[in-house]
Structure formats: C-alpha cells, structure tokens
Amino acid sequence: MPNRKTLIDTLEIQGTLSREEFICLLNGYSKEDAEYLSRKARNTAFQYFDNKVYTRGLIEFTNYCKNDCYYCGIRRSNTNVNRYRLTKDEILSCCKQGYRLGFRTFVLQGGEDLRYSDEELAGIIFAMKEGYPDCAVTLSIGERSYESYLAYHRAGADRYLLRHETANEGHYGKLHPESLSLQARKQCLRDLKTIGYQVGTGFMVGSPYQTLEHIAEDLLFIKDLSPEMIGIGPYLPHHDTPFADKPQGSFELTLFLISILRLMIPNALIPATTALGTIHPMGREQGILSGANVVMPNLSPVSVRKKYELYDNKICTGDEAAECRVCLQNRMKKIGYEIIAARGDFQPLDMNITAGAY
Ligand code: SAM
C-alpha cells in the first residue's frame, strides 16, 4: 500500500480512492499527513470559491418528531423535550429579519412532524419565495414520499438536506429503530435528485459503533451519489437518549474528512457545522481552513433555540440572529475569509475555472 501522502496526491488527481485505500488513509494518519491534506483541501476550496464563505439562515421550525433515532435529542421518546412549532407568520418573520441581515438562503429544518400537511408546507415555501424571490429555500425535514417532495419543489423549494447517516446496513440498524431503513433513506435521496433538487447528504463522525470501514463506505456512497452539498459533523451525545454514555466523535477526524470530501467533490457546498463549533471553540474556523465553505447561523427565535437540542451544550442558543451573524462575520474575517450575501448555488464543474470564478 502506498504511503499516505501518495494516497492524498492520488485522491486529489482522481477524486476518489478504493475502499482499502480510504481505510489505509484514515488509519493512524500523522499530524503531518493531516496538514498536508488540509493544505490541499484549502487550496482547492480557494481555487473555486476564493476566500468567500456562503451563509445559510437556519430556521428550526419544529422539534416534534415521529422518529426515534437513538442518537437524537428530539427523538419521539424523549418526554423531557419542550415541544414547539413555528407558525407560517413566525417563519416569515425569521426570513424578514434574515434578509435584512444579508441571508439569501433559508433552511427550513425540523423533526419529522406530520402535523404540517403537504399543502401547509407548500404554502409556507410559496410565501417564502414570493416574499424573497432572490433567495433559495432549502428543506431539511426528513423522509417523505416522492409526491410530497415534488409538491414542495413545485412550490419553490430549491434544495434538500438529508444525511444518509451511514451507508452500512448493519450500522444503520444500530443507530435507528426497525421502522427506519437505509434503503428508504437512499430512495429518498434518489427521488430528490430525480425531481431536480440540489441535494445534500452526509453523516456524523464518530457515531456509536462506527468503524473506519463504515466511513470508507460513506465516502464511496457520497462519491457515487455526487451530491451538491455535504454536511458532516461530530456525533455529540445527548443526555436523554439511549446513547447518552457513548463518546463524542473526534474533532480532528471530522476536519480530516472535510478535507477528503473537498478533494473528492471540489465544487461542493460543505458547511462548517454547528456541531463542529460545539465540540471546539474554533471548530467552525478550523472547518473552513480544512476546506469547508459554508456556515449556517441560526435564525430561529431565541425563545425556541434551546428546545431544538439535538445534542448537549449546543452553541448559540441564547444569541439573537444579528449577534450570530456579526459573530461569525468577525470569526471568518480573523482567518482571512469573508461572508458574502449570495444564494451560493452549486455550480457544475464544466466551466472555465479561474480563481474565485464561483
Ligand atoms: N429530521 C430531519 C432528518 O432526519 O434529516 C432533519 C433534522 S435532523 C435532527 C438533522 C441532523 O442532525 C441529522 O441528520 C443528524 O445527522 C444530526 N444529529 C442528530 N443528533 C445528533 C447528535 N447527537 N450529534 C450530532 N448530530 C446529530
């Protein structure tokens, strides 16, 4: 097996590695290997996006969920959660504030809450697009039927985030109850692609029972799906879940994987996630310096922020949207990056790329 620097060079040229090569790269890499990879990923991101960081305004509109994922703080069985739903007007007022702050993408995220009918959701999406026609609407509301996805798309939704969580059947079964299956999750991702959404997928780094073999499978699954957006973050325990005692994921490995993903899909939109900012005080900065190019500050009303607790100690739950925005702007500035007010759509590769062309 070639040394890790050679594997990183190959990854940069070919955009992928074999399963065995990925496992070898992930297994016991040194600090120098990580720096070598990170530098390449940062340069690649710079080539496509210059020093620009896209921003998405996250609206966590419901913490009701019909699912019972073993890792998630808002799982159905957690009776200690103070449940809430935002009304259409409340969502639109988040958008109003967000637009003023320079957001041009709004992400509607929530548990799988069937109380909102398809018609209602389509109405909310339509109103968001009508009020802010120059903005993108991203959904992150879990598994739905093809028809539902189509209805949201027709109402104006542009993008959809649905992490596959793990590409290994056995591992999927250890993270979820029997009612959920990897097959169904993958079908949703295929449906979303067919309909024409810009699609995001991803996984938690260090989720319970995860092995390096699983991560290699995740990477190959992502390469095959070729998503426009890739969201990864460390697994963080929540005290009211069956996985409360499981250790958190590794910060360094998450950064390493962000860099790998940047070399795999150079033009992808990759966020430095809130979980990354939670596990380390400089997590989002380090994420950007490892090849990420998106941040997702919270636009939800402060009154509900703490209630959307997927894991313990989630950051920014007490800050107003404007504070979050300014804070992130300053953080990015300090590392030489600039948050820009643009939709930040995925741009296909087949154009004449010059530095900062995107
Ligand atoms: N319900 C939608 C879905 O299933 O895609 C969207 C909301 S879900 C809470 C968003 C993501 O949060 C999940 O895809 C999962 O990867 C992440 N998440 C949940 N619990 C987590 C935890 N304990 N640590 C880190 N990330 C977590």
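Just so you know, all these numbers are worked out from the coordinates, no wet-lab data involved. As the structure is a prediction and not an experimental result, all values here were calculated from the model. All Cβ positions, even for glycine, are placed from backbone atoms using ideal geometry, and neighbour counts span all protein chains on display.
Assuming 0.692 mPa s and 37 °C, estimate D for region 218-358 with Stokes-Einstein, Rh taken as the Kirkwood radius over Cα pairs, in µm²/s. If you can, show how the numbers build up before the last one.
Working: Rh = 16.4 Å.
The estimated diffusion coefficient comes to 200 µm²/s.
Over all alpha-carbon pairs in region 290-348, figure out the percentage whose distance exceeds 13 Å. Walk me through the intermediate numbers first.
Numbers: 1156 of 1711 pairs.
Counting pairs separated by more than 13 Å, the tail of P(r) holds 68 percent.
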Rounded to two decimals, what is the ratio between the C-alpha radius of gyration of region 31-340 and 2.2 N^0.38 Å? 0.93
For labels at residue 93 and residue 240 in the simple 7 Å Cα→Cβ model, what's the distance in nm? 2.5 nm
Candidates 194, 254, 44; GNM for the chain (alpha-carbon contacts under 10 Å) flags as most fluctuating 194
Distance in Å, no decimals, from the C-alpha centre of region 29-69 to the one of region 96-124 is 22 Å
Just subtract the alpha-carbon distance of residue 31 and residue 250 from 0.36 nm times their residue separation and send over the number in nm, one decimal. 77.4 nm
What list of ³J(HN,Hα) values in whole Hz, one per residue of region 335-343 in order, does the Karplus curve 6.51 cos²θ - 1.76 cosθ + 1.60 (θ = phi - 60°) give from phi, with Gly and Pro shown as x? 9, x, 10, 10, 7, 10, 8, 8, 4
Determine, from the Cβ-Cβ distance of residue 343 and residue 184 and an R0 of 35 Å, the FRET efficiency 1/(1 + (r/R0)^6), rounded to the nearest 0.05. 0.70
Simple Cβ-charge dipole of the chain, Lys/Arg +1 and Asp/Glu -1, about Cα centre, in debye nearest 20: 660 debye
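Quick one: net charge of residue 155's neighbours, Cβ under 14 Å, K/R +1, D/E -1?
Values: positive: 88, 129, 144, 154, 159; negative: 118, 119, 120, 130, 147, 158.
Summing Lys and Arg as +1 and Asp and Glu as -1 gives -1.
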Output needed: percent of Cα pairs per 10 Å distance bin for region 27-183, bins running from 0 to the one holding the longest distance. 9, 30, 29, 23, 9, 0
Using only the alpha-carbon atoms, what does region 106-252 span along each of its principal axes? Please give whole angstrom values in decreasing order. 45, 34, 30
Interchain or sequence-distant (5+) residues whose placed amide H lies within less than 5 Å of the amide H of residue 299 are 58, 59, 60
Amide proton proximity set for residue 200, modelled H, under 5 Å, gap of 5+: 160, 161, 162, 229
With springs only between Cα atoms under 10 Å, which of 115, 56, 42 fluctuates most in a Gaussian network model of the chain? 115
Of all lysine pairs in region 1-127 that are eight or more residues apart or on different chains, those with Cα atoms under 29 Å apart total 9
If you look at just the Cα atoms of region 44-135, how large are its Rg and its Dmax in Å? 16.1, 48
Listed residues 123, 233, 202, most fluctuating in the chain (Gaussian network, C-alpha, under 10 Å): 123
